[in-house]
1. What number, in percent, do you get for the relative contact order of the chain if the mean sequence gap of Cα pairs under 8 Å and at least 6 apart is divided by its residue count?
2. When the chain is treated as a GNM, springs tying every alpha-carbon pair under 10 Å, which of P145, P98, P113 comes out with the largest mean-square fluctuation?
3. Hand me the tally of lysine pairs in the range 2-205: alpha carbons under 14 angstrom apart, and the pair either on different chains or 8 or more positions apart.
4. Looking only at the range 123-163, which residues have a backbone nitrogen under 11 Å from a spot 7 Å from the Cα of N27 in the C-beta direction?
5. Explain nothing, just compute: Karplus ³J(HN,Hα) = 6.51 cos²θ - 1.76 cosθ + 1.60, θ = phi - 60°, for every residue of the range 118-128 in order, whole Hz, x for Gly and Pro.
6. Place a point 7 Å from Cα of C92 in the direction of its Cβ. Which residues in the range 45-76 have their backbone N less than 12 Å from it?
7. Each residue of the range 130-147 in turn: what ³J(HN,Hα) in whole Hz from Karplus with 6.51, -1.76, 1.60 and θ = phi - 60°, glycine and Pro shown as x?
8. Residue-wise, which Karplus ³J(HN,Hα) couplings in Hz belong to the range 64-73, taking 6.51 cos²θ - 1.76 cosθ + 1.60, θ = phi - 60°, and x for glycine or proline?
Amino acid sequence: MTLYIAPVVEGHTERGCLERLLWRVWNELLTSSERLHVLEPFRGHRDSLTQSDGKVLAGTVLKAALKLRAASQKDPNAQILVLILLDAESDCPAAFAPRLSEVAKKSVPDGIPIACVLAKRMLENWIVAGSSTLAGVNGLPNPLPSHDDPESCGGAGWLDGQLRSVNKTRKYTKTADAKVFVGAMDLKRCRDTAPSFDKLCRELESRLPSLPPSEETALPPTN
């Protein structure tokens, strides 16, 4: 089986590092032996993608779905998924994601699965949640202070502050730094402390083939 994913994203952070993040979750965290193919993300402005009329989101998701069909049509073992991944910012992920998902599902042909995941506040909060392995990485301080509630802060601002604590002229750059941090962050710790990241993991996990039921253990003969 090969899982083909077409991401719909809003920003440079996601476009630059999402493929690496999905690969790590799929192979390291879920320890899947199945193949994963991530298409180039479809990007739009968050304000447009989250408009109440849903037109921009619907159009973008349809483009992603059609690209998925084209990319996987010759693969008899293909599974496909349109993954909408946006920053929640001030919205509640649990309340906002279902509305976006409902709009998106109405825009695509039947049979094309859609998952909508909102990073609580922003994707950088996932990096903060997994920062236990980032001390000294790419300009971060060593030791690196931990954050008790990683989804409550401004993730990008926290990273910027930590980088500037070592070098006052160093600032956090979404297009370059996120990719490095995502490649080294602690995925298990992130899943344990960031419920919105756990949502992403569960969406991918649900696409894994079901394991065959284990055979019952034979009872020892009775005398």
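No value in this document is a laboratory result; all are computed from the given coordinates. Owing to the predicted nature of the structure, the values given are computational and were not obtained by experimental measurement. Glycine gets a Cβ as well: all are built from the backbone with ideal geometry, and neighbour counts include every protein chain shown.
1. Numbers: 354 pairs, mean separation 48.4, N = 223.
RCO, the chain: 22 percent.
2. Maximum fluctuation in the GNM of the chain, among the listed residues, is at P145.
3. Numbers: K55/K63; K55/K105; K55/K106; K63/K105; K63/K106; K120/K199; K188/K199.
Final tally of qualifying lysine pairs is 7.
4. Counting only backbone N, you get no residues.
5. Going residue by residue, I get 10, 5, 4, 6, 7, 4, 4, 5, 5, 5, 4 Hz, with x marking Gly and Pro.
6. No residue passes the distance filter.
7. x, 7, 5, 10, 9, 4, x, 7, 6, x, 6, x, 9, x, 9, x, 8, 10
8. Karplus values, whole Hz, x for Gly and Pro: 5, 5, 5, 5, 4, 4, 5, 6, 10, 5.
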